[in-house]
């Protein structure tokens, strides 16, 4: 059994090469198969760059309101209690809305994600 205590972790500022805007991350637990669970805080307008996960990703909304969109798809809103699954290898982004922050739990399967370009303001607004 693996346990991660909230009192034992701290948040780190998200890397500018992977995020636009102010983002704070806490990686809580990584297990042998590479599955990772983390908590992410996005400020309003903050978002990830385009990326994909080899084993897919689950996003669980904790507070605020966020945007999630895969390339070529319409956007989806993530609110507290909502769960969105992004399939393995699917290019996508997620983050806060223009006016609200977002906190979500991310469950990432299969090891480290592949990162790509920043999401432009036009892409961020498209489909919402």
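A few notes on this one:
- Residues located in region 6-17, provided they are out of contact with any strand residue (DSSP E or B) (no Cβ under 9 Å at 6 or more places or on another chain) and more than 13 Å from residue 47 (Cβ to Cβ): 7, 8
- Tallying residues that are buried (at least 16 other Cβ atoms within 10 Å of the Cβ) and either in contact with a helix residue (DSSP H, G or I) (Cβ under 6 Å, 6 or more places away or on another chain) or on the phi > 0 side of the Ramachandran plot (or both) within region 96-128 yields 1.
- Subset of region 32-49 that is over 23 Å from residue 80 (Cα atoms) and touching a residue at least 40 places away in the same chain (Cβ under 8 Å) - its residue that is farthest from the chain's Cα centre (by Cα): 33
- If you go through region 18-31 and pick out every residue that is surrounded by fewer than 18 Cβ atoms within 10 Å (Cβ to Cβ), touching a strand residue (DSSP E or B) at 6+ places or on another chain (Cβ under 7 Å), touching a residue at least 24 places away in the same chain (Cβ under 8 Å) and closer than 27 Å to residue 126 by Cα, you end up with 2.
- Any hit, region 49-60, residues being within 18 Å of residue 125 (Cβ to Cβ), touching a helix residue (DSSP H, G or I) at 6+ places or on another chain (Cβ under 9 Å) and surrounded by 14 or more Cβ atoms within 10 Å (Cβ to Cβ): yes
Since every read-out is calculated from the coordinates, none of them should be taken as a lab result. Remember, it's a predicted structure, so these values are computed and weren't measured experimentally. Positions of Cβ are backbone-derived with ideal geometry, glycine not excepted, and every protein chain shown enters the neighbour counts.
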